[in-house]
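Here the structure is laid out as structure tokens; the discussion comes afterwards.
Only the coordinates and a few stated rules stand behind these numbers; no lab work does. On a predicted model such as this, the values are computed, not experimentally measured, just so you know. All Cβ positions, glycine included, derive from the backbone under ideal geometry; neighbour counts span all protein chains shown.
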Amino acid sequence: MTLQACLLLAFLLFAIGIYGMLTRRNAIAILISMELMLNAANINFIAFAHYKAVDATAGAVFAIFAIAATACEMAIALAIAIIVYRRHGFLDVDQLTELRDPDV
Amino acid sequence: MDALPLKDILFYITAIIMVAGALLTVTVKNVLHSAIALIGTFFSSAVLYFLLHAEFVGVAQVMVYIGGVVVFIVLAILLTSHLGEEALEASKRRKIIAAFFALLISVLAVMLLREISSVTPTETEDFASLASIGKRLLSTEDTGFILPFEAISLLLLISLIGAITIAYIPKEDKPAGDK
């Protein structure tokens with residue numbers, strides 16, 4: 001278990017998250033892919049804190065703040081997903097074009 | 001050949017489960033199944049945090065992500081799907097483009113990681129222990145995190161109120177049949 005192995009794992013998770021984000025059409029599935037990418041960032045925080053940090057506790061505290069911010073973001077995003085579904089009856093991001101300029 | 005240390009074996013098992021869970025999460029058709037695959041990824045990353053001696057973050061990962069966020073997601077999926085709905089699929093072209101970008105990032109990652117020199121763990125005495133995290137979070141000294149701690153509490157409160165406000169239906173615009 002080395003720093004490189006941990007970082008490679010995080011990069012792989014991030015790449016998988018990117019793939020999911022670009023291929024999914026359900027809004028909630030896109031949020032799930034985003035969670036994967038945020039998780040990859042957290043793994044980087046902890047790996048660097050463990051292997052390189054002068055002040056390792058600060059690294060862990062940073063990851064905790066990132067987790068809290070993610071929880072906030074998910075609460076808002078899912079509330080928006082629910083209200084969009086209530087209004088349109090679907091969550092297909094290819095059909096949600098309300099905010100798009102029709103002339104473009 | 002020497003036997004691998006237990007920690008390394010555990011790390012590789014965790015990594016394989018994590019990547020497999022993530023791949024399942026983005027490839028299965030049913031969104032509910034992908035939320036369940038996400039639990040596997042989150043749980044294995046909690047195990048990874050334990051391996052890296054960040055116990056508190058590992059416990060927070062299980063409590064906040066698996067106990068909170070995944071439950072949120074599952075509830076939202078159940079509220080926004082109806083029976084017999086066919087799963088939305090992206091076109092083949094889009095899948096190829098997405099796979100290309102994912103591969104590009106992986107290749108870049110491998111190239112970058114070759115530049116990083118190998119380091120040994122710092123292994124400080126109280127690395128991210130529960131006691132040191134608690135003291136740092138509430139310390140008012142220069143190295144303390146009391147201000148961001150209070151700010152994030154406020155952010156949590158505001159976003160929860162915001163979420164309720166967004167999803168709330170005022171009485172007069174309730175759709176017909178909704179009691």
Diffing segment A:76-93: the Karplus 3J(HN,Hα) column from phi (6.51, -1.76, 1.60, θ = phi - 60°), in whole Hz with x for Gly and Pro, holds 5, 4, 6, 4, 5, 4, 5, 6, 5, 5, 5, 7, 10, x, 8, 10, 6, 5
The number of Lys pairs in the protein assembly as shown whose alpha carbons lie under 27 Å apart, excluding pairs fewer than 8 residues apart on one chain, is 5
With the convex hull built on the alpha-carbon atoms of chain A, volume per residue in Å³ sits at 118 Å³
With label points set 7 Å from each Cα along the Cα-to-Cβ direction at B:Leu6 and A:Ala69, the distance between them in nm comes to 3.7 nm
Sequence order, segment A:32-49: Karplus ³J(HN,Hα) from phi using 6.51 cos²θ - 1.76 cosθ + 1.60, θ = phi - 60°, Hz rounded, Gly and Pro as x, gives 4, 5, 5, 4, 4, 5, 5, 5, 4, 4, 5, 4, 4, 3, 5, 5, 5, 4
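What is the fewest-to-most order of B:Glu55, B:Glu172 by other Cβ atoms lying within 10 Å of their Cβ? Can you show the working numbers first?
Values: B:Glu55 17, B:Glu172 5.
In increasing order of surrounding Cβ atoms, one gets B:Glu172, B:Glu55.
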So B:Leu78 and B:Lys92, fully extended at 0.36 nm per residue minus their Cα-Cα distance, gain in nm 2.3 nm
If one builds a Gaussian network model of chain B from Cα atoms under 10 Å apart, the most fluctuating residue listed among B:Phe101, B:Phe11, B:Phe149 is B:Phe101
Ranked by GNM mean-square fluctuation in chain B (Cα springs under 10 Å), the top entry among B:Ser159, B:Ser129, B:Ser81 is B:Ser159
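To the nearest 500 deg cm²/dmol, what mean residue ellipticity at 222 nm is calculated for chain B from DSSP H runs of n ≥ 4 alone, each contributing -39,500 (n - 2.57), summed and divided by the residues? Spell out each step's value before the answer.
Details: 7 runs with 111 residues, N = 179.
The helix contribution divided over chain B gives -20500 deg cm²/dmol.
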A correct Karplus calculation of ³J(HN,Hα) over segment B:94-105, with 6.51 cos²θ - 1.76 cosθ + 1.60, θ = phi - 60°, whole Hz and x for Gly and Pro, returns 5, 5, 5, 4, 4, 5, 4, 5, 4, 5, 4, 5
Taking B:Ile97, A:Ile67 and counting other beta carbon atoms within 10 angstrom, the fewest-first order is B:Ile97, A:Ile67
Distribution output for chain B: share of Cα-Cα pairs per 10 Å bin in percent, first bin at 0, values 7, 19, 29, 27, 13, 4, 1, 0
Over chain A, the sum of -39500 (n - 2.57) across DSSP H runs of at least four, divided by residue number and rounded to 500 deg cm²/dmol, gives at 222 nm -27000 deg cm²/dmol
